[in-house]
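Mind having a look at this structure? Questions to follow.
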Amino acid sequence: MNERWIANRMQNIQVSGIRRVFDLAAKLKNPVNLSIGQPHFPIPDAIKKAAKDAIDANQNSYTQTQGIAALRNKLMADVDRRFTGLKDRNILLTSGTSGGLVLSLMCTINPGDEVIFFDPFFVMYPQFVMLAGGVPVVIDTYPDFKIDVNKVRDAITTKTKAIIVNTPGNPTGAVPTRESLRDLAKLAKEKDLVLISDEVYSAFSYDEPFTSPLEFNDETVVLDGFSKTYGMTGLRLGFCHGPNKLIDEMIKLQQFTYVCAPSIVQHAGVAALDVDMSAIVADYKAKRDRLCDALGDSYEITKPGGAFYIFPKVPGNRTGQAFVEDAIANNLLIIPGNTFSHRDTHFRISYAASDEMIDRGIEILRKLAK
Ligand SMILES: Cc1ncc(COP(=O)(O)O)c(C=O)c1O
């Protein structure tokens with residue numbers, strides 16, 4: 001095949017560091033796997049049943065591009081309950097939260113537009129911003145992963161078009177304070193910027209009720225999904241709500257790309273919204289505490305407020321990459337920080353795992369810290 005076949009835009013797209021760890025994982029026997037960014041629990045029975053019922057009822061055709069009314073209405077009712085006075089808002093079901101991220105960026109970013117987000121960042125942000133022709137502008141949040149809105153103000157130029165914020169965050173688990181989200185939301189409004197809020201971990205907020213910037217800026221574009229909350233990452237169901245005109249554009253683009261979110265899963269999604277996940281969330285909170293308590297004296301850790309990750313600093317002068325290689329040599333899978341960052345000083349642990357697996361990981365990590 002001629003190299004020329006590959007479009008120039010693919011030169012900007014890097015293979016995820018997570019994929020590399022998965023490849024190494026495949027070679028290990030019974031590794032301690034704390035690398036995976038997905039819940040370790042099975043899909044609740046009520047959701048499985050709804051999916052099976054949808055198959056049996058032959059719900060296998062295309063749905064409306066924007067998704068089935070039963071699910072859209074139920075989600076929108078929840079948005080209306082949580083946020084009063086939203087006048088200009090519509091909702092679209094997407095192929096995972098990722099689908100909503102691609103569509104929202106493709107529908108808002110022109111070539112050369114700058115998009116601000118925070119470092120450490122979710123791996124897809126720089127890739128999708130560049131795919132849309134935009135220029136990533138990252139704001140460093142080390143060492144405590146807090147949002148400094150003054151830094152955002154300073155980073156805004158005449159080319160800035162959008163800001164992406166992710167709360168609770170991947171890979172740090174950090175939850176920005178309510179005040180910083182308010183100030184960020186107001187800044188976006190003041191500067192007339194698109195504020196994209198990735199809330200896929202909103203169910204996993206352990207220390208305080210979840211805050212969305214939508215509360216302070218009624219034009220916020222909210223991305224959310226079922227993957228993490230209900231342990232259904234492979235089923236690909238997400239949703240996005242935002243101003244009508246933007247959602248219309250996203251629907252137009254979805255029609256020619258993803259077509260619709262998977263039909264069977266949309267029906268399962270209706271049942272999912274009635275499932276109480278609080279016991280799982282309490283369990284994940286306990287796992288967070290277990291890890292932070294056990295590693296706190298050997299590692300520098302900013303205790304995370306949500307999601308299911310912690311992002312410790314590598315002790316000594318080793319890079320994240322070198323540390324992760326040592327960990328893998330000790331049968332432990334974790335992800336180097338530079339997968340999510342311009343720095344290579346930290347590593348990500350996912351505690352979406354059994355307590356037994358977490359305890360084995362703690363033992364290895366304590367040994368590696370010495
Ligand atoms: C911050 C963040 N946003 C979006 C996604 C994508 O989720 P989905 O499976 O809904 O596409 C992930 C998945 O890891 C994530 O961590």
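The values are calculated or read from the model by the stated rules, or taken from the named source; none is laboratory data. What you are looking at is a predicted structure, and each value in this text was computed from that prediction instead of being measured. Note that we place each Cβ from the backbone using ideal geometry, even for glycine, and neighbour counts take in every protein chain shown. The accessibility values were calculated without ligands, DNA or RNA, using every heavy atom of the protein model including side chains. Shrake-Rupley method; radii C 1.70, N 1.55, O 1.52, S 1.80 Å.
Compare LYS191, LYS285, LYS313 in a GNM of the chain, Cα atoms joined below 10 Å, and give the one with the largest fluctuation.
LYS191
Could I ask something else about it? What relative contact order, as a whole-number percentage, does the stretch 200-264 give when Cα pairs under 8 Å and 6 or more residues apart are counted?
Value for the stretch 200-264: 26 percent.
Is the C-alpha gyration tensor of the stretch 205-250 telling us rounded, prolate or oblate? Criteria: a/c under 1.5 is rounded; beyond that, a/b larger than b/c is prolate, otherwise oblate.
oblate
Working out 0.36 nm times the residue gap between LEU253 and ASP297, then minus their Cα-Cα distance, what length gain in nm do you get to one decimal?
10.8 nm
If I build a Gaussian network model for the chain, linking alpha-carbon pairs within less than 10 angstrom, which residue out of SER278, SER202, SER212 has the largest mean-square fluctuation?
Result for the chain, Cα springs under 10 Å: SER278 fluctuates most.
By DSSP, what percent of the beta bridges with both residues in the stretch 48-188 are antiparallel, rounded to the nearest 5?
Counting only bridges with both partners in the stretch 48-188, antiparallel ones make up about 0 percent.
What number comes out for the charge environment of ASN90, summing +1 per Lys or Arg and -1 per Asp or Glu over other residues with Cβ under 14 Å away?
Around ASN90, the surrounding residues sum to -1.
Tell me the label-point distance for the pair ASN331, ASN60, using the 7 Å Cα-to-Cβ offset, in nm and rounded to one decimal.
4.4 nm
What does the net charge come to around GLU114 if you take all other residues with beta carbon closer than 11 Å to its beta carbon, with K and R at +1 and D and E at -1?
Result for the local shell: +1.
With the radius of gyration and the Kirkwood radius both derived from the Cα set of the stretch 1-44, what is their ratio Rg to Rh?
Computed over Cα atoms, the ratio is 1.18.
A follow-up question, please. Starting from the Cα of ASN12, step 7 Å along the direction of its Cβ; do the same at LYS191; then give the gap between the two resulting points in nm.
Spacing of the two 7 Å Cα→Cβ label points: 1.9 nm.
For the stretch 12-101, treating each Cα as an identical point scatterer without solvent, what Debye log10 I(q)/I(0) comes out at q = 0.18, 0.22, 0.24 1/Å?
For the stretch 12-101 at q = 0.18, 0.22, 0.24 Å⁻¹, log10 I(q)/I(0) is -1.06, -1.17, -1.25.
Now for a different question. Starting from 0.36 nm per residue, how many nanometres of slack lie between LYS29 and GLU356 once their C-alpha separation is accounted for?
116.1 nm
Hey, another quick one. Counting only the heavy atoms of the protein chains, how much of HIS40 is accessible to a 1.4 Å probe, in Å² to the nearest 10?
About 80 Å², rounded to the nearest 10.
Let's test this: bin the Cα-Cα distances of the chain at 10 Å from zero up to the farthest pair and state each bin's percent.
Binned Cα distances yield the sequence 5, 23, 32, 27, 11, 1.
With a 1.4 Å probe and every protein chain kept in, tell me what percent of the accessible surface of the stretch 184-326 is carbon plus sulfur.
50 percent
Using protein chains only and a probe of 1.4 angstrom, how many square angstrom of TYR230 are accessible, to the nearest 10?
Surface accessible to solvent at TYR230 totals approximately 20 Å².
Only helical DSSP H runs with n ≥ 4 go in: add -39500 (n - 2.57) per run for the chain, normalise by residue count and round the 222 nm mean residue ellipticity to 500 deg cm²/dmol.
Taking each H run of at least 4 residues, the total per residue is -12000 deg cm²/dmol.
Here's a follow-up. Roughly speaking, to the nearest percent, how much of the stretch 1-129's 1.4 Å accessible area is carbon and sulfur?
After summing per-atom areas, the C and S share lands at 52 percent.
Okay, moving on. Quick one: what Rg and Dmax do you get for the stretch 248-370 from the alpha carbons, in Å?
Looking at the stretch 248-370, its Cα Rg and Dmax stand at 19.0, 56 Å.
Suppose R0 equals 45 Å. What FRET efficiency, 1/(1 + (r/R0)^6) with r the Cβ-Cβ distance, do LYS245 and ASP276 give to the nearest 0.05?
0.80
At 0.36 nm per residue, minus the direct Cα-Cα distance, what do ALA369 and LYS74 gain on full extension? Give it in nm, one decimal, please.
101.4 nm
Sort the following peptides by mean Cβ neighbour count (other Cβ atoms within 10 Å, averaged over residues), highest first: 99-106, 252-259.
Peptide ranking by packing, descending: 99-106, 252-259.
For the stretch 215-305, list log₁₀ I(q)/I(0) at each q in 0.15, 0.21 Å⁻¹, using the Debye formula over Cα point scatterers of equal strength and ignoring solvent, two decimals each.
Taking Cα atoms of the stretch 215-305 as identical point scatterers yields -0.82, -1.08.
Report the net charge of residues surrounding ALA294, where surrounding means a beta-carbon distance below 12 angstrom and charges are Lys +1, Arg +1, Asp -1, Glu -1.
Here the count lands on -1.
Next question, about the same structure. Cut-off 10 angstrom, C-alpha nodes, Gaussian network model of the chain. Which of GLY67, GLY234, GLY133 fluctuates the most?
GLY234
Per residue, what accessible area does the chain have, given a 1.4 Å probe and all protein chains present, in Å²?
That works out to 45 Å² for each residue.
Of LYS29/LYS313; LYS313/LYS370; LYS313/LYS367, which sit over 21 Å apart, Cα to Cα?
With Cα atoms farther than 21 Å apart: LYS29/LYS313.
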